[in-house]
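The values are calculated or read from the model by the stated rules, or taken from the named source; none is laboratory data. Bear in mind that the values here come from a model prediction, so they are computed numbers and not experimental data. When we count neighbours, we look across all protein chains shown, and the Cβ atoms used for this are built from the backbone with ideal geometry, even at glycine.
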Amino acid sequence: MKESGIYPENPGVIDMEQIAEIRRCYFINKESISKIAKRLNLSRQTVRKALKSQEQPVYQRNVQPTPKLGSFKQQLISWLEFDAKLPRRQRRTAQRLYECLQVEGYQGSYGPVQRFVQDWKQQASHRPSTTQAFVPLAFPAGETCQFDWSHEYVILGGVLQAIKVAHFRLAYSRRMFLAAYPRETQEMVFDAHIKAFEHFGGVPKRMMYDNPKTIVDAIFAGKARQFNRR
């Protein structure tokens, strides 16, 4: 009977699978002897012997079974997907993910977790990456003004009331103008525009709207609109 790759009747002797694991960690993953010994619960002398050994494992498996990790794979994947969205310095290492799985009840060794994390990251590196793209917007001075309404609450005469606020913003200077009204009627839309143009000292060449009913009656395909006849 053996336990953790070590034969109790011959302490310090490890099996071929354990030797392969030590070599992989040292030569491929570039882990130190001390780290390997601590993680695999072996002495540093045993790890050194394994690295110097000329024996080769009888066989090598292309896919190593991970029965204890099986039920935890989905949890591990969700953590990896979440971490992938974080800055690199904030992402958890395989060791940290292994410790998190232990808290969740995982009783297996670190090796399967490390291999799974490496495989997942390798596959993720070949997936199309989603990057943010920004289209720079440039407007000539006085050319465009944006308009929209917002829904706000104020206290008038000691009573909480809902009001509508007309928002104007010049696209070039980002200068704003606000006007509050009890409702969103067409007369108040006109009044807000008059006050905004007086405040800005002129009328922009183009106004941009978010299709309010007081301005747009119908929305068609593309940019086609049927404006309110008034």
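Scanning the range 186-201 for residues that are out of contact with any Phe, Trp or Tyr (no Cβ under 8 Å at 6 or more places or on another chain) and over 10 Å from CYS145 (Cβ atoms) yields GLN186, GLU187, VAL189, PHE190, ILE194, GLU198, GLY201. The sole residue among ASP148, ASP119, ASP210, ASP191 that is of a type outside the set (S, T, N, Q) and closer than 30 Å to LYS73 by Cβ is ASP119.
Does GLN122 count as surrounded by fewer than 11 Cβ atoms within 10 Å (Cβ to Cβ), modelled with pLDDT under 90, outside the structural domain of GLN18 (by TED's automatic domain parsing) and part of a helix (DSSP H, G or I)? So GLN122 fits the description; yes.
Would you tally the residues in the range 172-193 being surrounded by 11 or more Cβ atoms within 10 Å (Cβ to Cβ) and either in contact with a Gly (Cβ under 9 Å, 6 or more places away or on another chain) or not in a strand (DSSP E or B) (or both)? Give the steps one after another, and end with the answer.
The initial filter retains those residues of the range 172-193 that are surrounded by 11 or more Cβ atoms within 10 Å (Cβ to Cβ), namely 172-173, 175-182, 184-193.
The next check asks that each one be either in contact with a Gly (Cβ under 9 Å, 6 or more places away or on another chain) or not in a strand (DSSP E or B) (or both); those that pass are 172-173, 175, 182, 184-193.
Total satisfying the criteria: 14.
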